[in-house]
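In what follows, a structure is listed as structure tokens, so that the remarks can point back to it.
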Amino acid sequence: MSRNDARHLPLTTALLATAALLLAGCAAADDEPDDVVAADASAPAAVAPATSSDCAGGVVVDPQGSPDEQKLYTAIVLSKVSGSGEVAVVDSWDRQEDAGLKVRGGATDAQQAVLDDALAGGLLAVQRAPRLADPAELLVGKDKGRYVQYSYTRRSTQDVVVSCADGTEPVEASWTSFELVSTGLSSCTDTPDPVSEFVAADAISTYCDRA
């Protein structure tokens, strides 16, 4: 996906609020490790073997409708490079939303075993939001100036029902996963003006000293 595509995406209220908090230092980066397994809850029906549960015919996942997809920024880092090449992070923000499965209304021990089998069988594997590279490494050799580092992803959510293949022990849950669309680095002096190419334009405009 090109930055030009991102420029025309709708600016949501939630992301505007996040952008406003960015320079106020109200958010921090997520330090969890990257544990990534690609999968899709809307894939054709498959059966996972029952290892934790008592499902004689295995475990299945029934997607409820189509996934809800949204493209958004999941991480931003604002940095400065001095005349001597020293890199200083001015501020950073991370969406800090966990990928995975959220159960509605709790689950019994038997239902939790069904969920465990679905996860172990790869029916509900997810991909977490990607982390940004270390600015100190990314900005080595860059000219003096201000830089904006970002991660732009596709966030997918979907309601699912996980159960034994015969329909017993059903569990209603919500599934969330992320897919990287674009990651990159822009200088405040880039041409064309990088500010117009970011959803968080207000925060970046302030950082880049735009009028």
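Values in this text are rule-based calculations from the coordinates and carry no lab data. This one's a predicted model, so the numbers in the text were calculated from it and none came from an experiment. A quick note on method: Cβ atoms are made from the backbone with ideal geometry, for glycine too, and the neighbour counts reach across all protein chains shown.
Give me the extension gain from Thr108 to Glu179: residue separation times 0.36 nm, minus the current Cα-Cα distance, reported in nm with one decimal.
The Thr108-Glu179 span can extend by a further 22.4 nm.
By how many nm would the segment from Ser66 to Thr206 lengthen if fully extended, with 0.36 nm per residue of separation less the alpha-carbon distance?
On the way: separation 140, 0.36 × 140 = 50.40 nm, distance 3.85 nm.
Difference between extended and current length: 46.5 nm.
If the reach is capped at under 27 angstrom between alpha carbons, list the lysines near Lys144, excluding any in the same chain fewer than eight residues apart.
Here the lysines satisfying the reach criterion relative to Lys144 are Lys80.
Find how much the distance from Ser82 to Arg154 grows on full extension, using 0.36 nm per residue of separation minus their present alpha carbon separation; answer in nm with one decimal.
Numbers: separation 72, 0.36 × 72 = 25.92 nm, distance 3.40 nm.
22.5 nm is the gain from fully extending Ser82 to Arg154.
Determine which residues of region 118-135 fall in the zone a paramagnetic label at Ala165 would reach in this model, i.e. backbone nitrogen under 17 Å from the point 7 Å along Cα→Cβ.
Inside the label zone: 118-124.
Let me know the Kirkwood hydrodynamic radius for region 56-175, please, with Cα pairs as the basis and the value in Å to one decimal.
17.2 Å is the Kirkwood radius here.
What trypsin sites (Lys or Arg not before Pro) does region 80-123 have in DSSP loop regions with at most 16 other beta carbons within 10 Å?
Within region 80-123, the qualifying trypsin sites (Lys or Arg not before Pro) (loop, at most 16 other Cβ atoms within 10 Å) are Arg104.
Report, ordered by chain and residue number, the lysines lying within cross-link reach of Lys102, taken as a straight Cα distance under 26 Å and ignoring same-chain residues fewer than 8 apart.
Hits, sequence-local ones excluded: Lys71.
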